[in-house]
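Trainee: I am attaching a structure below and will ask some questions about it afterwards.
The values are calculated or read from the model by the stated rules, or taken from the named source; none is laboratory data. Note that the structure is predicted; figures quoted are calculated from it, not measured. When we count neighbours, we look across all protein chains shown, and the Cβ atoms used for this are built from the backbone with ideal geometry, even at glycine.
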Amino acid sequence: MYNFEGKIVIITGSARGIGFAIAETFAENGATSIILDLFQDAVDEAVKKITDKGFKAFGYVADITDSELTGNLFKEIFQKFGKIDILINNAGITKDGLLMKMKESDWDAVINVNLKGTFICTQKVCRFMMKQRQGVILNISSIVGIMGNAGQANYAASKGGIITLTKSAAKEFASRNIRVNVIAPGFIETEMTAQLPKEIVDKYLEAIPLRHIGTSKDVANLCLFLASKEADYITGQTIQVDGGLIM
Ligand code: NAI
């Protein structure tokens with residue numbers, strides 16, 4: 001159990017999947033989780049699931065690729081709560097296909113949400129964190145961003161970009177006591193991976209030394225640690241949650 005009492009945590013793409021698990025886990029550990037996602041109904045439902053258990057959560061609708069809207073929203077959140085302690089850039093999409101046949105629109109869409117969206121949210125939040133002289137930013141990449149993947153050139157490039165974006169931000173923000181790290185999940189059970197055919201899932205299972213698929217909670221637990229005081233001396237790093245899949 002960590003003590004995040006009084007901490008304000010924004011998690012992008014948190015109406016479902018890994019993002020929701022992160023929001024729920026921080027709230028269970030005392031934080032106020034701010035759920036950001038594309039659709040009002042999904043946001044409301046996610047907030048209710050957390051508040052029904054007696055924990056603190058608020059929801060906002062936002063498309064993180066819209067820089068003006070996102071900037072205004074972060075300002076509104078900062079004014080309402082008086083601070084923003086932690087930002088978790090989790091929102092992400094896939095549009096898989098072989099590079100040779102990949103549509104430029106699929107390339108652009110994935111880079112725009114995963115990489116540019118992470119840049120936009122980081123840029124918008126850093127002005128508040130700099131003022132506070134403290135903050136934590138966690139960026140959700142993927143092991144695919146380290147090793148590449150056939151059929152995912154756009155996704156791999158976006159997730160690899162997140163790793164070097166993080167290192168640059170960590171170097172720029174360190175003097176203001178803002179830490180920035182990457183979490184690179186391996187194969188995690190969510191709606192995103194539920195669509196994969198059984199043969200592919202079985203192939204992954206064979207390659208994972210710990211012999212099971214990860215859960216959203218595995219990712220959320222690492223977020224807790226990296227955002228905690230116990231991780232005060234860790235910045236610019238990429239930490240995998242992948243059952244040993246790549247090493
Ligand atoms: P998901 O598809 O279940 O959830 C993603 C959420 O992001 C959705 O609620 C969606 O509405 C939201 N979103 C998408 N575009 C958005 C935008 N422009 N603005 C705001 N919100 C937006 O995905 P999942 O599986 O929970 O993945 C979360 C993150 O973890 C993603 O960045 C993904 O790339 C990463 N990841 C997932 C892995 C897995 O095995 N599921 C493995 C490695 C990384």
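Trainee: From the list Ala21, Ala15, pick out the single residue that is buried (at least 16 other Cβ atoms within 10 Å of the Cβ), in contact (Cβ under 8 Å) with a residue 24 or more places away in the chain and out of contact with any Ser or Thr (no Cβ under 6 Å at 6 or more places or on another chain).
Mentor: Exactly one residue qualifies, and that residue is Ala15.
Trainee: Tell me the residue from Ile162, Ile183, Ile188, Ile200 that is of a type in the set (Val, Ile, Thr) and within 22 Å of Arg127 (Cα to Cα), please.
Mentor: Ile162
Trainee: Moving on. Let me confirm something: among Ala184, Ala169, Ala207, Ala194, which residue is surrounded by 13 or more Cβ atoms within 10 Å (Cβ to Cβ) and within 13 Å of the ligand (Cβ to nearest atom)?
Mentor: Ala184
Trainee: State whether the residues of region 67-83 include one that is closer than 20 Å to Asn149 by Cα, surrounded by fewer than 17 Cβ atoms within 10 Å (Cβ to Cβ) and within 12 Å of the ligand (Cβ to nearest atom).
Mentor: There is no residue in region 67-83 that is closer than 20 Å to Asn149 by Cα, surrounded by fewer than 17 Cβ atoms within 10 Å (Cβ to Cβ) and within 12 Å of the ligand (Cβ to nearest atom).
Trainee: Within region 147-163, take every residue that is in a helix (DSSP H, G or I) and within 11 Å of the ligand (Cβ to nearest atom) and give me the one that is surrounded by the fewest Cβ atoms within 10 Å (Cβ to Cβ).
Mentor: Ranking the candidates gives Ala156 first.
Trainee: For the subset of region 124-146 comprising residues that are in a helix (DSSP H, G or I) and touching a residue at least 40 places away in the same chain (Cβ under 8 Å), which member is nearest to the ligand (Cβ to nearest atom)?
Mentor: Filtering first and then ranking leaves Ile146.
Trainee: In region 198-247, what count of residues is obtained for those that are closer than 23 Å to Phe20 by Cβ, in a helix (DSSP H, G or I) and among the charged types (D, E, K, R)?
Mentor: So the answer is 2.
Trainee: So in region 86-106, with the set limited to residues that are exposed (fewer than 11 other Cβ atoms within 10 Å of the Cβ) and in a helix (DSSP H, G or I), which one is nearest to the chain's Cα centre (by Cα)?
Mentor: This residue is Ser105.
Trainee: If Val110 satisfies all but one of (1) at pLDDT 95 or above; (2) within 11 Å of the ligand (Cβ to nearest atom); (3) more than 26 Å from Glu68 (Cβ to Cβ); (4) assigned to a helix (DSSP H, G or I), what's the number of the condition it fails?
Mentor: All conditions are met except number (3).
Trainee: Looking only at region 1-28, filter to residues that are part of a loop (DSSP other than H, G, I, E, B) and over 17 Å from Phe81 (Cβ atoms); which one of those is farthest from the ligand (Cβ to nearest atom)?
Mentor: Only one residue fits best here, namely Asn3.
Trainee: Follow-up question, since we're still on this one. Output the number of residues of region 39-62 satisfying the condition of being over 14 Å from Glu24 (Cα atoms) and either among the aromatic types (Phe, Trp, Tyr) or surrounded by fewer than 14 Cβ atoms within 10 Å (Cβ to Cβ) (or both).
Mentor: Qualifying residue count, region 39-62: 4.
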